[in-house]
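Encoded as structure tokens, the structure appears first; notes follow it.
The values are calculated or read from the model by the stated rules, or taken from the named source; none is laboratory data. Small disclaimer: the values here were computed from a predicted structure and weren't measured. Here the Cβ positions follow ideal geometry from the backbone for every residue, glycine too, while neighbour counts run over all protein chains shown. Only protein heavy atoms, including side chains, enter the accessible area calculation; ligands, DNA and RNA are left aside. Shrake-Rupley method; radii C 1.70, N 1.55, O 1.52, S 1.80 Å.
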Amino acid sequence: MDGKTRSTLSQVQGVPLPERIVKYWARVEKFQASKEDVLIATYPKAGTTWTQEVVDQILNEGDLEKTKRAPTQVRMPFIEMTSADGENAGITKLEVMDPPRVIKTHLPIQLVPQSFWEAGCKVIYMARNPKDTVVSYYHFDRMNLYQPEPGPWQEYLEKFMTCQLGWGSWYDHVKGYWRERNNKAILYIFFEDMKEDPVREVTRIAEFLGLQLSKCTIDHIVKMTTFSAMRENPMANYSTVPDTIFDRTASEFMRKGEVGDWKNHFSAQEDAVFEDHYHKLMADCPIPIRFTI
Ligand code: PPS
């Protein structure tokens, strides 16, 4: 890899984002959401794809013919993502889709296009503990040749803690949606809860979307959205992304899908420093984040 396609970061309202997203930001900002649209919001690597698959399965009542109609990124476009020339963009895909659309974003709450709030759209926010998130992000940046070069792990962890990675501060991200969850139509869920009790969490998501599904349908959806089922599903595992973008010799998109893999990456010293920093930054907003289940 000669590094030519790897992006540099620029900023929108102080939030670091890939340069090409910043370049076409005006299109994102003025996007018109419809009331029936559903927004899935996450910090990168928090379980976005998993939540997307669960939501699409719920809306299609577990009908695989429907959920296997196209890859994740076509079924549920990534609103702010765009190619360097602006041609292949989440916005372009969304403009030719009829509502209700299921839309992915990693934007912090203050950058979500205003029309989502004006229309009263439902928002599902998934948070994942920051240690597993940064490990997942690190491996993703090793394999995604559109992302900035990750560099060595120790430096990467430092960048995460000082909020220099794409989409900025994990801390502000999880806090921003948490603080608004009772003022707006936001369902706030956790990766760890979904892993621990997927039947309970899928049921909560279905009810939030206004659907009462039978136990049999919920069980079927849970079965079809396990890590192993999604890893084998070409419409849910990003295998359609070419090797020129995802260098699968470096890592995999569907890598491990576990809670606690951070223990294989953090040294004892890194963990102590991280814990101290985490408690300081989260003291003003205690969110029940779990690092193990
Ligand atoms: S992205 O690129 O930001 O949209 O990535 P995202 O989908 O948010 O996160 C990818 C991580 O989620 C894991 N994953 C899952 N875990 C458990 N169950 C299911 N079904 C599932 N699907 C995806 C994926 O493996 C990445 O985590 P890591 O820890 O890297 O394995």
Margin query: Just the number please: accessible area per residue for the range 9-84, 1.4 Å probe, all protein chains included, in Å².
Written below: 38 Å²
Item checked: Rough spin-label spacing in nm, given labels placed 7 Å along Cα→Cβ, for SER115 and ASN60 -> 2.5 nm
Item checked: Average Cα contact separation per residue, the chain, under 8 Å, 6 or more apart, as relative contact order % -> 25 percent
Notebook entry, point to check: Tell me, what % of the accessible area of the chain is carbon and sulfur with a 1.4 angstrom probe?
Noted result: 51 percent
Next item on the list: Taking the Cα centre of the chain as origin, work out the dipole magnitude from +1 charges on Lys and Arg Cβ and -1 charges on Asp and Glu Cβ, in debye rounded to 20.
Entry: 340 debye
Notebook entry, point to check: Based on DSSP, what percent of beta bridges with both residues in the chain are antiparallel, to the nearest 5?
Noted result: 30 percent
Notebook entry, point to check: Semi-axes of the range 119-200's equivalent ellipsoid from the Cα gyration tensor, sqrt of 5 times each eigenvalue, largest first, rounded to whole Å?
Noted result: 27, 16, 12
Notebook entry, point to check: Can you give the convex hull volume per residue for the Cα atoms of the chain, as a whole number of Å³?
Noted result: 127 Å³
Note to self: Over 32 Å between Cα atoms: which of LYS223/LYS280; LYS104/LYS280; LYS175/LYS195 fall into that group?
What the structure shows: LYS223/LYS280
Margin query: What is the distance in Å between the Cα centroid of the range 91-132 and that of the range 215-293?
Written below: 20 Å
Next item on the list: Could you do me a favour and compute the accessible area per residue for the range 96-178, 1.4 Å probe, result in Å²?
Entry: 32 Å²
